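Please read the structure below before turning to the comments.
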Amino acid sequence: MTQLIIDTGNQITGYSQDDNLQACEGVRLVPAPEGFNPALLAFYTVKVSKGKTTITLDTSAALVDAKTARCKLIKEEAARLIAATDWKLQRAKERDTAGWGSLADIDQVLAEREAIRRSNDTAEQAVNVLTDINAVQTFTWAVDVPVVPPNRLTRGEFLDRFTREETAAILAAADANSSLKAWVMRLENSDWIKTAEATAGLQALEIAGLIQPGRAAAILA
């Protein structure tokens, strides 16, 4: 049987499951209430009225504390999962630098890490709407928020998708078209290009006749 250790100021200082434990000077032993949760010891209070001792749990404060503790554990686990992918990211970056890999390899790892972060956020949101302390304390989560890699291309990879003739026509036209020139300058100063963000510019090149109809889709494929 679990017994609470209570001092002369009616403060709970601990608990024991030792049936042979005896009270000593300055403390007394009181049976723990039904459903006693040692993890919430700090939120139990003692009230003495007409010689009767009543132990109650401040459920509101305990629920807030339980949520804080569970969210902290979720963050720590997410951090460990992300740290476990550090070697993948380092490998992808080194291979890309050496020419053995591609930006897509890096983006795949980045998407994996982002999925952990977003799943972490979703899990914490789920915890914070729970109203039962036990449900909070036993809450489990998983990396279940899918993240699609951003599908980036390096500037070189993007330019390699144009024919020499197309590149020459675009550069020549840019001298007389300020909007096109701005697009080319932005491209020249970009380390990488998101294919989704390049769609409008490529379609404009088709409309201007600088690349053939259907080439925009082919370049981004």
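The values are calculated or read from the model by the stated rules, or taken from the named source; none is laboratory data. These numbers come from a predicted model, not from an experiment. Note: ideal-geometry Cβ built from the backbone for every residue, glycine included; neighbour counts use all protein chains shown.
Restricting attention to segment 92-117, the residues being assigned to a helix (DSSP H, G or I), free of Cβ contacts under 8 Å to residues at least 40 places away in the same chain, surrounded by 15 or more Cβ atoms within 10 Å (Cβ to Cβ) and of a type outside the set (A, V, I, L, M) number 7.
The set of residues from segment 12-43 being part of a loop (DSSP other than H, G, I, E, B), surrounded by 11 or more Cβ atoms within 10 Å (Cβ to Cβ) and under 40 Å from the mean Cα position of the chain (by Cα) comprises Ala32, Pro33, Phe36, Asn37. Scanning segment 58-102 for residues that are hydrophobic (A, V, I, L, M, F, W, C) and over 30 Å from Leu153 (Cα atoms) yields Ala61, Ala62, Leu63, Val64, Ala66, Ala69, Cys71, Leu73, Ile74. A Cβ distance below 8 Å, combined with a sequence gap of six or more or placement on separate chains, defines the contacts here; from segment 161-189, residues that are closer than 21 Å to Arg215 by Cα reach residues that are among the charged types (D, E, K, R) and in a helix (DSSP H, G or I) in the pairs Glu166/Arg215; Ala174/Lys181; Leu187/Arg155; Glu188/Arg155. Within segment 63-84, is even one residue in a strand (DSSP E or B), among the β-branched types (Val, Ile, Thr) and within 25 Å of Asp132 (Cα to Cα)? Looking for residues that are in a strand (DSSP E or B), among the β-branched types (Val, Ile, Thr) and within 25 Å of Asp132 (Cα to Cα), one finds none in segment 63-84, hence no.
Report yes if some residue within segment 7-19 is among the β-branched types (Val, Ile, Thr) and at pLDDT below 90; otherwise report no. Looking through segment 7-19, at least one residue is among the β-branched types (Val, Ile, Thr) and at pLDDT below 90.
When we screen Ala104, Ala142 for residues that are closer than 30 Å to Asn37 by Cα and either in contact with a His (Cβ under 7 Å, 6 or more places away or on another chain) or not assigned by TED's automatic domain parsing to the domain that holds Pro213 (or both), the only hit is Ala142.
Annotation note: of Ala173, Ala216, Ala169, Ala200, the sole residue that is surrounded by fewer than 16 Cβ atoms within 10 Å (Cβ to Cβ), among the aliphatic types (A, V, I, L, M) and either outside the structural domain of Ser102 (by TED's automatic domain parsing) or part of a helix (DSSP H, G or I) (or both) is Ala200.
For segment 118-136, which residues satisfy the criterion of being surrounded by 15 or more Cβ atoms within 10 Å (Cβ to Cβ) and outside any helix (DSSP H, G or I)? Within segment 118-136, just Leu130 meets the criteria.
Just the residues that are surrounded by 12 or more Cβ atoms within 10 Å (Cβ to Cβ) and not in a helix (DSSP H, G or I), please, taken from segment 44-62.
Passing the criteria: Tyr44, Thr45, Val46, Thr53, Ile55, Leu57, Asp58.
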